[in-house]
Amino acid sequence: MTTTRRTFMAGAAGAATLPVFNIKASAQQSLNVTIAASHPVQNFWVAMMKNVFQPEVEKHLRDNGNQVRVNWRESYGGTLYKFQDTMEAVRDNITDIGYVGTLWEGSTMPLQNVSYFTPFTTGDHGLVARTFDKLNETVPAIKQNWNGLNMVPLSSFITDTYHIWSTFPVRTLDDLKNRKISAPGTSANWLTGTGATPVDGALTTYYTDIQTGVSEGALSFFVGILPTRVYEVAKYVCKCDVGAMYVGGIAANKQRHDRWPAAFQKAVAEAGKITTQKHIEDVSSRIDAAEKEMVAKGSIITTMADAERKRWISGLPNIAKTWADTSGPAARDVLKSYFAAIRAAGGTPGRDWDREASA
């Protein structure tokens, strides 16, 4: 999307969503609000927007005086923009509220990608989501980044922990040597030292890539793999708990947010917190259901021995330090805050990336 088109669309969206006031004795204010995502409602992140966030906003308004009536203008399924533009779409007010995929914003939102550079920290997806809800509110550099990009974060979305799906059994780390494993982007770093060759791709390409021999497996997570049916071409699943990852969340355009009436600002804030919690619960139920369905359809699931997992972890280079060295002066503070929150909640990181990065 060109700058000219973005500017035009931002202006058009802004003009189209100006509040309309109803002349009623109740003085109820009517707001037209565009909510959008690059993926369809069938996507488990986007489902939270449609099925939890929107109803919770309306419930909060009803329960607190009903001063505002919201008219949702839904644009799910990439009708306004694609996944490469989720940040720009919210920043430029192409949509008032949208899912922002921080995992696709390594250069503009590097601090929010800390989990991808600290594998084996925790497989507790709920802990990761709650931690980022807190970091987005309390870490000055992260708050400044959101504000600087004209956005207000409202909720935190995550993946469940990563494992290996493959066409061959993985019993030890040596079984990965000379194998081609789909691991796009930052996750390619997680295979360093294993002898495996990372192959670029995405959830949407894994099935064909494995079926045609482009790769022999994938690093992924149960909730993401199930709808892609990758287990049909990679029946071996090695549970190795590489870690749950923060991927972004629902955000509002800051200029629009700051012009909304206080009642609506409070409603979206409270709905965002509830959405994070419901998302955690939804992912938990989906993991169990996905694992059972895969086993029923022929998957062979094993768990990597603790000694082999520790061997994998200790063999990784200091990727957190590399990230900290290239992500600005606040990166180490973010590392410290992230790991402090994990430990304070009872988590035990597989590797103390924060301490190594500061050594």
- Task: List every residue pair whose Cβ atoms lie under 6 Å apart, where the two residues are 6 or more positions apart in sequence or sit on different chains, the first residue falls within the range 202-221 and is over 11 Å from Pro184 (Cβ atoms), and the second residue, located anywhere, is open to solvent by 60 Å² or more (accessible area, probe 1.4 Å) and assigned to a strand (DSSP E or B).
- Result: Glu216/Lys180
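If a residue has to be in a strand (DSSP E or B) and over 18 Å from Glu58 (Cα atoms) to count, how many in the range 242-286 make the cut?
5
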- Task: State whether the residues of the range 92-108 include one that is touching a residue at least 12 places away in the same chain (Cβ under 8 Å), open to solvent by less than 40 Å² (accessible area, probe 1.4 Å), within 30 Å of Thr348 (Cβ to Cβ) and not in a helix (DSSP H, G or I).
- Result: yes
- Task: Kindly check whether there is at least one residue in the range 290-309 that is under 30 Å from Ala359 (Cβ atoms) and within 25 Å of the chain's Cα centre (by Cα).
- Result: yes
- State yes or no: is Gly77 surrounded by fewer than 22 Cβ atoms within 10 Å (Cβ to Cβ) and either at pLDDT 95 or above or closer than 30 Å to Lys310 by Cβ (or both)? no
- Query: Looking at this structure, is Asp333 surrounded by fewer than 19 Cβ atoms within 10 Å (Cβ to Cβ), acidic (Asp, Glu) and out of contact with any helix residue (DSSP H, G or I) (no Cβ under 7 Å at 6 or more places or on another chain)?
  - Reply: no
- Selection from the range 157-204 of residues that are out of contact with any Asp or Glu (no Cβ under 9 Å at 6 or more places or on another chain), open to solvent by less than 60 Å² (accessible area, probe 1.4 Å), farther than 24 Å from Ala307 by Cβ and of a type in the set (S, T, N, Q): Thr159, Thr186
- Collect the residues in the range 330-347 that are in contact (Cβ under 8 Å) with a residue 12 or more places away in the chain and outside any helix (DSSP H, G or I), keeping them in residue-number order. Ala330, Ala345, Gly347
- farther than 20 Å from Asp333 by Cβ, over 17 Å from the mean Cα position of the chain (by Cα), of a type in the set (A, V, I, L, M, F, W, C) and part of a loop (DSSP other than H, G, I, E, B) - does that describe any residue in the range 132-142? no
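The rows are residues; the columns are (1) in contact with a strand residue (DSSP E or B) (Cβ under 8 Å, 6 or more places away or on another chain); (2) open to solvent by less than 10 Å² (accessible area, probe 1.4 Å); (3) over 28 Å from Leu111 (Cα atoms).
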position: Asp209; (1), (2), (3): yes, no, yes
position: Val230; (1), (2), (3): yes, yes, yes
position: Cys240; (1), (2), (3): yes, yes, no
position: Ala244; (1), (2), (3): yes, yes, no
position: Lys254; (1), (2), (3): yes, no, no
- Message: Can you tell me which of (1) over 21 Å from Ile225 (Cβ atoms); (2) outside any loop (DSSP other than H, G, I, E, B); (3) at pLDDT 95 or above is the one Ser115 doesn't meet?
- Response: (1)
- Of those in the range 313-329 that are assigned to a helix (DSSP H, G or I) and of a type outside the set (A, V, I, L, M, F, W, C), the residue farthest from Asp133 (Cα to Cα) is Gly315
- Item | Selection within the range 248-276 - of a type in the set (S, T, N, Q) and free of Cβ contacts under 8 Å to residues at least 12 places away in the same chain | Gln265
- In the range 208-224, what residues are at pLDDT 95 or above and in contact with a Leu (Cβ under 8 Å, 6 or more places away or on another chain)? Leu219, Ser220
- Task: For residues that are among the small types (Gly, Ala, Ser) and part of a loop (DSSP other than H, G, I, E, B), scanning just the range 348-359, find the one that is least open to solvent (accessible area, probe 1.4 Å).
- Result: Gly350
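The values are calculated or read from the model by the stated rules, or taken from the named source; none is laboratory data. Not measured: the values here are computed from a predicted model. We place every Cβ from the backbone using ideal geometry, glycine too, and count neighbours over all the protein chains shown. Ligands, DNA and RNA are stripped out before the accessible areas are found, and what is left, the full protein with its side chains, is counted by its heavy atoms. Shrake-Rupley method; radii C 1.70, N 1.55, O 1.52, S 1.80 Å.
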